Amino acid sequence: MDKILVRGGRPLSGSVKISGSKNSALPILAATLLTKEPCVISRVPDLSDIHYMLTILSQLGCEVERASGTVTIKAEKIVTEAPYEIVRKMRASVCVLGPLLGREKEATVSLPGGCIIGDRPIDLHLRGFEALGAAVLVHAGNVKVLAPELRGTTISLRGKFGSTVLGTDNVMMAAVLAEGTTVIDGAAEEPEVVDLANFLIAMGAKIEGAGTRRILIEGVKELHGAEHEVIPDRIEAGTFLAAAAICGEGVTLHRVHPADLKAVTDPLIQAGFVIESNGNQMTLRPGATRKPLKIDAYPYPGFPPDMQAQMCALLATTDGISVVTDNVFPQRFMHVAELKRMGANIELQGQTAVIHGVERLSGAPVMASDLRASAALVLAGLQAEGTTEINRVYHIDRGYESIDEKLNMLGADIERVKV
Ligand code: UD1
């Protein structure tokens with residue numbers, strides 16, 4: 001198991017290329033199950049979660065070829081049961097359920113494991129499948145969905161914490177091959193849902209309203225092969241903006257969609273940083289002052305819950321009192337205990353972190369607990385005095401393509417050590 005050593009205190013400057021979005025690529029790769037014809041997906045990031053998804057697709061019978069960032073998939077003959085050994089490693093495996101149900105009218109997948117960020121149910125996905133006419137059976141750790149036929153209907157996917165991203169993806173992928181019209185109310189509005197819808201449309205699906213709370217899908221008989229380029233990863237971009245805010249002297253991100261990042265850039269500007277966007281690039285520079293923030297994470301277009309931990313790392317050394325609330329994953333605060341071990345002064349009050357900015361953090365051995373928490377620890381290490389040793393870095397490799405190399409190119413001093 002690798003660990004990462006971050007020697008803090010190095011200023012960051014220069015430019016970095018943002019990779020394709022993990023959260024877009026995962027459901028898009030799963031959507032290739034909907035056709036027998038080959039699909040070509042480009043700008044697929046090289047991440048362990050992507051590797052798991054490609055392994056699942058191979059085991060379902062797909063022919064998978066990968067040449068750097070481009071993946072070609074042909075799902076000519078497939079089976080409908082995803083094997084537990086791989087599925088258990090990644091929660092997003094659940095998004096093969098929708099396309100398998102859509103095409104074969106049945107699917108069996110192990111109930112998802114994945115991040116330890118609280119209880120992560122899939123009741124809304126299953127509610128959507130049932131509304132389309134599927135029976136849902138949960139037995140021996142597996143969930144099986146099957147339907148003699150799928151019929152379009154109106155489905156609400158609004159849950160206690162708002163919309164569901166993968167639930168919207170899953171129901172959309174099943175409904176594209178259903179008989180008649182499906183309306184998804186309370187749909188997730190995330191740019192990754194729009195990206196998936198655009199790929200499905202390129203395959204011949206009829207979808208309107210992706211990116212709004214109401215998505216309308218008119219079922220078609222079959223889909224065909226298509227090519228698609230995955231959108232830039234707004235969470236990777238946001239993480240580099242946070243790094244640039246923490247210790248940057250001017251950092252430019254290439255290949256970003258600035259509009260998708262507004263919920264992250266607005267508070268950074270409010271905190272005093274200067275951000276300029278020009279087409280698909282964006283530069284962050286330090287401003288004259290650095291102010292504390294009040295951040296509330298909500299589904300898109302709100303502040304992304306996937307950026308909450310990284311903002312805690314930035315605010316840990318911002319003078320004054322900052323308040324960060326996660327309204328989507330109330331238990332996602334494992335990074336707080338680790339940041340405190342590095343000298344941060346943070347009080348956890350339920351789903352809210354009250355952060356009293358300290359002058360500096362000090363390097364310490366810390367434990368990565370989930371993907372975004374591990375990114376927060378790297379960011380904390382960049383500004384800490386001394387060396388931060390981050391263990392269990394497999395979490396970070398799930399979602400950040402070469403984060404150590406990219407940060408080193410900007411001037412950081414990060415070493416990956418094989419243990
Ligand atoms: C996706 C992202 C993840 C991000 C999250 C929220 C992928 C691969 N992952 O996860 O990085 O943090 O969106 O932006 O795209 N919920 C239910 N019942 C359900 C489904 C969800 O109660 O059936 C709850 C969840 O526990 C959570 C909230 O709804 O509190 C949002 O979860 P959801 O949007 O489904 O997250 P994912 O799609 O799994």
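The residue that is farthest from residue 369 (Cα to Cα), counting only those in the range 392-419 that are open to solvent by 50 Å² or more (accessible area, probe 1.4 Å) and not in a loop (DSSP other than H, G, I, E, B), is 409. As for the range 115-124, it holds at least one residue that is touching a strand residue (DSSP E or B) at 6+ places or on another chain (Cβ under 7 Å) and either in contact (Cβ under 8 Å) with a residue 24 or more places away in the chain or within 16 Å of the ligand (Cβ to nearest atom) (or both). Screening residue 349 with (1) free of Cβ contacts under 8 Å to residues at least 60 places away in the same chain; (2) buried (at least 23 other Cβ atoms within 10 Å of the Cβ) gives one miss only, at (2).
Residues in the range 150-187 that are within 12 Å of the ligand (Cβ to nearest atom), open to solvent by 10 Å² or more (accessible area, probe 1.4 Å) and either in a helix (DSSP H, G or I) or closer than 16 Å to residue 95 by Cα (or both): how many? Adding up the residues that qualify gives 4.
Of a type in the set (D, E, K, R) and touching a Lys or Arg at 6+ places or on another chain (Cβ under 7 Å): which single residue out of 74, 17 fits that description? So the residue among 74, 17 that is of a type in the set (D, E, K, R) and touching a Lys or Arg at 6+ places or on another chain (Cβ under 7 Å) is 17.
Have a look at 190, 130 and point out the one that is more than 16 Å from residue 92 (Cβ to Cβ), within 16 Å of the ligand (Cβ to nearest atom) and of a type in the set (Asp, Glu). Just one listed residue meets the conditions, 130.
Among the residues making up the range 363-396, those that are within 19 Å of residue 319 (Cα to Cα) and touching a Lys or Arg at 6+ places or on another chain (Cβ under 9 Å) are 381, 382, 383, 384, 385. Got a sec? Which of 208, 227, 236 is touching a residue at least 40 places away in the same chain (Cβ under 8 Å) and open to solvent by 10 Å² or more (accessible area, probe 1.4 Å)? Of 208, 227, 236, the one residue that is touching a residue at least 40 places away in the same chain (Cβ under 8 Å) and open to solvent by 10 Å² or more (accessible area, probe 1.4 Å) is 227. Against the numbered list (1) closer than 17 Å to residue 369 by Cβ; (2) touching a strand residue (DSSP E or B) at 6+ places or on another chain (Cβ under 7 Å); (3) modelled with pLDDT of 95 or more; (4) open to solvent by less than 30 Å² (accessible area, probe 1.4 Å), residue 332 comes up short only at (3). Restricted to the range 191-307, the set of helices (runs of 4 or more DSSP H) holding at least 1 residues that are under 30 Å from residue 150 (Cβ atoms), touching a Leu at 6+ places or on another chain (Cβ under 9 Å) and not charged (D, E, K, R) comprises 191-202. All of 88, 43, 7 fail the test of being within 18 Å of residue 197 (Cα to Cα) and open to solvent by 40 Å² or more (accessible area, probe 1.4 Å), apart from 43.
Residue 111 fulfils the conditions (1) under 26 Å from the mean Cα position of the chain (by Cα); (2) within 19 Å of residue 220 (Cβ to Cβ) except for a single criterion, (2). For the structure I just gave you, tell me whether residue 56 is within 16 Å of the ligand (Cβ to nearest atom), β-branched (Val, Ile, Thr) and under 18 Å from residue 174 (Cβ atoms). It is true that residue 56 is within 16 Å of the ligand (Cβ to nearest atom), β-branched (Val, Ile, Thr) and under 18 Å from residue 174 (Cβ atoms).
When 64, 71 are screened for being open to solvent by less than 10 Å² (accessible area, probe 1.4 Å), within 24 Å of the chain's Cα centre (by Cα), aliphatic (A, V, I, L, M) and more than 30 Å from residue 148 (Cβ to Cβ), only 71 passes. Scanning the range 375-391 for residues that are open to solvent by less than 30 Å² (accessible area, probe 1.4 Å) and either part of a helix (DSSP H, G or I) or free of Cβ contacts under 8 Å to residues at least 12 places away in the same chain (or both) turns up 375, 376, 377, 378, 379, 380, 381, 382. Just so you know, in the range 102-111 the residues that are in a strand (DSSP E or B) and away from the ligand (no atom under 15 Å from the Cβ) include one that is nearest to residue 151 (Cα to Cα), and it is 106. Selection of the range 351-371 for residues being in contact with a Pro (Cβ under 8 Å, 6 or more places away or on another chain) and either over 13 Å from residue 246 (Cβ atoms) or among the hydroxyl-bearing types (Ser, Thr, Tyr) (or both) yields 351, 355.
Just one of the numbered conditions (1) in a loop (DSSP other than H, G, I, E, B); (2) under 23 Å from the mean Cα position of the chain (by Cα) is not true of residue 372: (1).
State whether one or more residues within the range 78-101 are polar (S, T, N, Q), part of a helix (DSSP H, G or I), within 16 Å of the ligand (Cβ to nearest atom) and at pLDDT 95 or above.
We begin by selecting, within the range 78-101, every residue polar (S, T, N, Q); these are 80, 93.
Those left that are additionally part of a helix (DSSP H, G or I): 93.
Checking which are within 16 Å of the ligand (Cβ to nearest atom) leaves us with 93.
Filter again for at pLDDT 95 or above, leaving none.
No - not one qualifying residue is present in the range 78-101.
With the requirement that a residue be surrounded by fewer than 20 Cβ atoms within 10 Å (Cβ to Cβ) and in contact (Cβ under 8 Å) with a residue 24 or more places away in the chain, what does the range 276-287 give you? Residues satisfying the conditions are 280, 281, 283, 285, 286.
The values are calculated or read from the model by the stated rules, or taken from the named source; none is laboratory data. Quantities reported herein were computed from a predicted structural model and do not represent experimental measurements. Cβ coordinates were reconstructed from backbone atoms using ideal geometry, including for glycine residues, and neighbour counts include every protein chain displayed. Just so you know, the surface numbers come from the protein's heavy atoms only, side chains and all, with ligands and any DNA or RNA stripped out. Shrake-Rupley method; radii C 1.70, N 1.55, O 1.52, S 1.80 Å.
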